[in-house]
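The values are calculated or read from the model by the stated rules, or taken from the named source; none is laboratory data. Not measured: the values here are computed from a predicted model. No Cβ is skipped: glycine too gets one built from the backbone with ideal geometry, and neighbour counts run over all protein chains shown.
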Amino acid sequence: MDGVLASTNDGPAFASLEIAATGLRLPNLLDSQGAKAADLYPNEAAALVAFDILIGNGDRGRNLKASLTTPHIKIFKAFDHSECLLNIEDDPKDSLKRLADATDLVAQAHPFYGHVRNSLLNDWATRISGLDDVYIQECCSMGKTFRAVTVDMQQDTAAALIKRKNALPAIITKHFGTIKPCLL
């Protein structure tokens, strides 16, 4: 999702920018539409599953839009990661423990479990696990407290995500029965 870092009364916040063609209604994807969306957008679905497993996103089903009836207009947007990273558990430290655990899938349900192509999912897991650690560190660090997230917590988040990205292919393999990728 495209967005900007905006100033609000209580500090910086991410604001999403959703730009759609006039008259194009694009509601959230329904549970029953996961297979169709994964079929129309196989690479995007695989990338999203890999990313959501990386960040431990447990609420993807409520935050996904995809154009399913307008083949000439390709739109696939995922946004709002409110139940991931530091918000997996009530205590952010417990969330980071789960993220750093190379055996914990965290995201037990996903609109594309059972529909995503195994080959594409494995490609994305390999691609993500191959990222240089510096990118994760840069994405997690603002160099100052951001709302209630201290610099130390930002560094701890980066460390947990680095462990998780390194283990991502193994996490996916271990939880094959939950993810149920299509063997294509």
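Leu30 - would you say it is surrounded by 11 or more Cβ atoms within 10 Å (Cβ to Cβ), at pLDDT below 95 and over 30 Å from Thr126 (Cα atoms)?
In short, no.
Which one is modelled with the highest pLDDT among residues in segment 66-122 that are touching a strand residue (DSSP E or B) at 6+ places or on another chain (Cβ under 7 Å) and aromatic (Phe, Trp, Tyr)?
Phe76
Can you tell me which of (1) surrounded by fewer than 19 Cβ atoms within 10 Å (Cβ to Cβ); (2) modelled with pLDDT of 90 or more; (3) under 15 Å from the mean Cα position of the chain (by Cα); (4) of a type in the set (A, V, I, L, M) is the one Ile53 doesn't meet?
Of the numbered conditions (1) surrounded by fewer than 19 Cβ atoms within 10 Å (Cβ to Cβ); (2) modelled with pLDDT of 90 or more; (3) under 15 Å from the mean Cα position of the chain (by Cα); (4) of a type in the set (A, V, I, L, M), the odd one out for Ile53 is (1).
Go through segment 99-130 and count every residue that is within 16 Å of the chain's Cα centre (by Cα), surrounded by 16 or more Cβ atoms within 10 Å (Cβ to Cβ), in a helix (DSSP H, G or I) and not hydrophobic (A, V, I, L, M, F, W, C).
The total comes to 2.
Give the residue, chosen from Ala107, Ala47, Ala78, that is touching a residue at least 24 places away in the same chain (Cβ under 8 Å), closer than 16 Å to His175 by Cβ and aliphatic (A, V, I, L, M).
Ala107
Inside segment 145-184, can you point out the residues that are part of a helix (DSSP H, G or I), touching a residue at least 60 places away in the same chain (Cβ under 8 Å), β-branched (Val, Ile, Thr) and within 19 Å of Lys97 (Cβ to Cβ)?
Thr157, Ile171
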